[in-house]
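The values are calculated or read from the model by the stated rules, or taken from the named source; none is laboratory data. The structure presented is a predicted model; accordingly, all values stated were derived computationally and were not measured. Cβ placement follows ideal geometry from the backbone for every residue including glycine, while neighbour counts extend to all protein chains displayed.
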Number of protein chains: 2
Amino acid sequence: MKTYLDCYPCFLRQALSAARRAHASVELQRHILLETMDQLRALPADAAPPVMAERIHRMVRRLTDTPDPYGQSKRDATVQAMTLLPALRERVRTAPDPLETAVRIAIAGNIIDDGAAEEYELQSTLARVLEQPFAIDGMARLRQALSEVDTILYLADNAGETVLERVLIETIALPVTYVVKGGAVINDAIREDALAAGLDAVSTIIDNGSDAPGTLLEHCSPAFREQFAQAPLIIAKGQANYETLSETRAPVFFLLQAKCPVIADDLGVPIGSVVLKAPVGMS
Amino acid sequence: MKTYLDCYPCFLRQALSAARRAHASVELQRHILLETMDQLRALPADAAPPVMAERIHRMVRRLTDTPDPYGQSKRDATVQAMTLLPALRERVRTAPDPLETAVRIAIAGNIIDDGAAEEYELQSTLARVLEQPFAIDGMARLRQALSEVDTILYLADNAGETVLERVLIETIALPVTYVVKGGAVINDAIREDALAAGLDAVSTIIDNGSDAPGTLLEHCSPAFREQFAQAPLIIAKGQANYETLSETRAPVFFLLQAKCPVIADDLGVPIGSVVLKAPVGMS
């Protein structure tokens, strides 16, 4: 998905938020906004939004000398989500359709996104997403695909969200390779975030070698690209994975909440939608 | 009030919205965003936000060759508000405190703001603002001031809002000079908008000679500045008048809803607050 003009104000908001999280002075915050505007001017018209986000967050980390401005937010989100884990497992265990319930729990976790908004409320989101009809319903396709493969490549999204994805991975009785980012960006999960959420107990954790949100394949490591190319089934979580992979020919199921109007428009769904999008052309 | 860094993303959003209302092509919309970023870079640190808004909207009108991109929105807002006029008058007539009710109706009208947001809902806002406690309550001071003067200078805000201000002006039994903008900017009322709302029946309409939101005194006509300097009591409506006049020594009562987090912080009130702020140091 290309960057829309509506993304421009959002990039400034995100740059300012990151600068403040990194405790930049007001003067440095302003400098970061001006740098962001320069980068926007230079952005290729067909670049996906995470290309810009990667540049902004690298710049903020460098200029503030802060390797992980969202570190505390990520740890807090994981701790909060871990308190829910027993109840979520019980919910799946007693559900009429455990797989769908686990998918919905994972999608609910997508509200944990320090890039899309400054605040979120996990409990009310869980209640909503467990009941809300899918705007795009790939459940039958996902169910079918899961019955045909013997391994899954799972592209993770944000810290904390990891815990809710763990519930889904525990529900799917297949070996899962869980892919985190190679370096810190926004509140995207890196290896330590996945470990804090216990993903090592239920999957093989690898990183994609990249510090961009989503999955910019050309910025990822050759080893990850190889895994991506060979995976029979890929679950890609969150908006940024949709932004970066929506035009890629691969067996990718996108799980997300459409939190931003641009992505909602691109998907052709109302904002706030619950989306499970199956790969185009995959039987 | 100075421009905060939080205003930067908001300016881009507003520039894009104005460009689209003026039917700019996507290419021109992008050019307008880049121009806006250039202007932000050049903005003096102590400039009030309407200084920037004036520049943006002049630029949009010029580049799109559209003299009043918000014209239709203003006409629609006035027509909608006029349908409420009889009921609002009745509400004031039967109120225990007609002045306070009329003040609240005028403040409710402040939701009609195409600069602060893309949408608003007038009826529900009226219901809320008629009941919500003032976050800053200058009612007693306003009541006292009204008893001591024989004329009022009323700085108008947006088209449509004009109708609800008319209810307040009808309630105040004093001669009112009603000040509109000298040229179109966002959905701020100009003379034709005030006439469409019937303000000529209850006040003397003048314009301030400026096409900035709010009241940038140094951009206003000498004739208006003279009236401003001599006015014994000024009612200034809306956020932009607060942004431009909050540091001016003058007998100004600010009536507004704090719709934006920056203005709410500057006022020291929660977002969504109903504000009637009396002049500092005025007895």
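Just to be sure I understand, how many residues within the range A:21-31 are free of Cβ contacts under 8 Å to residues at least 24 places away in the same chain and surrounded by 17 or more Cβ atoms within 10 Å (Cβ to Cβ)?
Looking only at that region, the number is 2.
Identify, from the list A:Val262, A:Val275, A:Val269, A:Val280, the residue that is over 14 Å from A:Leu155 (Cβ atoms) and part of a helix (DSSP H, G or I).
A:Val262
Within the range B:32-60, track down each residue that is part of a helix (DSSP H, G or I), without any contact (Cβ under 8 Å) to a residue 24 or more places away in the chain and not aliphatic (A, V, I, L, M).
Once the filter is applied, which keeps residues that are part of a helix (DSSP H, G or I), without any contact (Cβ under 8 Å) to a residue 24 or more places away in the chain and not aliphatic (A, V, I, L, M), the range B:32-60 yields B:Asp38, B:Gln39, B:Arg41, B:Arg55.
Residues that are at pLDDT 95 or above, of a type outside the set (S, T, N, Q), surrounded by fewer than 17 Cβ atoms within 10 Å (Cβ to Cβ) and over 30 Å from B:Ser246 (Cα atoms): does the range B:37-48 have at least one?
no
From the residues in the range A:17-42 that are farther than 14 Å from A:Arg55 by Cα and among the hydrophobic types (A, V, I, L, M, F, W, C), which one is nearest to the other protein chains (Cβ to nearest Cβ)?
Once the filter is applied, the top-ranked residue is A:Val26.
Pick out the one residue from B:Pro9, B:Pro69, B:Pro86 that is more than 11 Å from every other protein chain (Cβ to nearest Cβ), surrounded by 18 or more Cβ atoms within 10 Å (Cβ to Cβ) and modelled with pLDDT of 95 or more.
Just a single option satisfies the conditions, and that option is B:Pro69.
Of all the residues that make up the range A:48-66, how many are over 18 Å from the mean Cα position of the chain (by Cα) and either within 14 Å of chain B (Cβ to nearest Cβ) or more than 18 Å from A:Ser210 (Cα to Cα) (or both)?
Count: 4.
Among the residues of the range A:85-107, count how many are within 19 Å of A:Ala159 (Cα to Cα) and either in contact with a strand residue (DSSP E or B) (Cβ under 8 Å, 6 or more places away or on another chain) or β-branched (Val, Ile, Thr) (or both).
5
Filter the range B:20-45 for residues that are within 14 Å of A:Met37 (Cβ to Cβ), under 26 Å from the mean Cα position of the chain (by Cα) and of a type in the set (A, V, I, L, M, F, W, C) and give the result.
B:Ile32, B:Leu33, B:Met37, B:Leu40, B:Ala42, B:Leu43, listed by residue number.
For the range B:68-171, list the helices (runs of 4 or more DSSP H) that sit wholly inside it and hold at least 3 residues that are farther than 24 Å from B:Ile206 by Cβ, in contact (Cβ under 8 Å) with a residue 12 or more places away in the chain and not assigned by TED's automatic domain parsing to the domain that holds B:Leu12; which are they?
Qualifying helices (runs of 4 or more DSSP H): B:71-93, B:98-108, B:122-131, B:139-148.
Could we say that A:Ala95 is at negative phi, more than 10 Å from chain B (Cβ to nearest Cβ) and not hydroxyl-bearing (Ser, Thr, Tyr) here?
yes
Looking at B:Ala184 and the list (1) assigned to a helix (DSSP H, G or I); (2) closer than 19 Å to B:Tyr70 by Cα; (3) touching a Pro at 6+ places or on another chain (Cβ under 8 Å), which single condition is not satisfied?
(1)
Just to be sure, is B:Gln14 over 15 Å from B:Ile186 (Cβ atoms), assigned to a helix (DSSP H, G or I), polar (S, T, N, Q) and touching a residue at least 12 places away in the same chain (Cβ under 8 Å)?
No, not satisfied.
So which residues in the range A:234-252 are part of a loop (DSSP other than H, G, I, E, B) and among the aromatic types (Phe, Trp, Tyr), if there are any at all?
Scanning the range A:234-252 gives no hits.
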